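Structure first, commentary second.
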Amino acid sequence: MNAKGTVFRYGDNVDTDVIIPARYLNTPNGKELAMHCMEDIDANFVKEVKQGDVIVADKNFGCGSSREHAPLAIKEAGVSCVIARTFARIFYRNAINIGLPILECEAAADGISKGDQVEINFDTGVITNLTKGESYQAQPFPPFMQEIIKKGGLVNKIRNA
């Protein structure tokens, strides 16, 4: 399983209220949520994001409330992976549960800039910065987690078991 896209870059403590503002939580519809993804931190995100693009952030991405709406909005906006120095634990779990690939990698967070082109090999955990010609090693997901992501989330994996 691989991903390739352009990077949107953010700093520390990007919380779930910034990922999807609470004023839009009246719907569980992922496509509707995606139309407002990141708008309070990056008004151009939804206008510029393309299928397969990647978010790279620093520490504690996804902190704040435990809503599944946040990773769902990111996934439905077309983001193929979120890479961060660290994730809030509940966001990490919610992302896996809805089938959004996320990787913790300090070296990638240090080396990747906004607009860089990156390629991710989820089987090996290798993140390649095609723009800078650098590679970074993240911990790959174990096979059972890869299966959850490939099936589009935990519920889909259970339904199709």
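Each reported figure results from applying straightforward, stated rules to the coordinates on display, with no laboratory input. Here the structure is a predicted model, which means the values were calculated and not measured. Don't worry about glycine lacking a Cβ; one is built from the backbone with ideal geometry, like all the others, and counts go over all protein chains shown.
Observations on the model:
- Computed on the chain, with alpha-carbon pairs under 8 angstrom and 6+ residues apart, the relative contact order is 24 percent.
- Phi to ³J(HN,Hα) by Karplus 6.51 cos²θ - 1.76 cosθ + 1.60 over the range 30-39, Hz, x for Gly, Pro: x, 5, 5, 4, 4, 5, 10, 4, 6, 5
- Global form of the chain, assessed from the alpha-carbon gyration tensor, a/c cut-off 1.5: oblate
- Under 5 Å between amide hydrogens, built in the peptide plane, is the criterion, and for Ile83 it picks out Ile55, Val56, Ala57, Leu103 among residues at least 5 positions away or on other chains.
- The calculated 222 nm mean residue ellipticity attributable to helices in the chain amounts to -7500 deg cm²/dmol, summing -39500 (n - 2.57) over DSSP H runs of n ≥ 4 and dividing by all residues.
- Residue (of Ser66, Pro21, Leu154) at the positive-pole extreme of the chain, dipole from beta-carbon charges: Leu154
- Pairs with C-alpha atoms separated by more than 22 Å, drawn from the list Lys75/Lys114; Lys4/Lys75; Lys31/Lys114; Lys75/Lys150; Lys50/Lys75, are Lys31/Lys114.
- Averaged over residues, the count of other Cβ atoms within 10 Å places the peptides 41-47, 145-151 in the sequence 145-151, 41-47, highest first.
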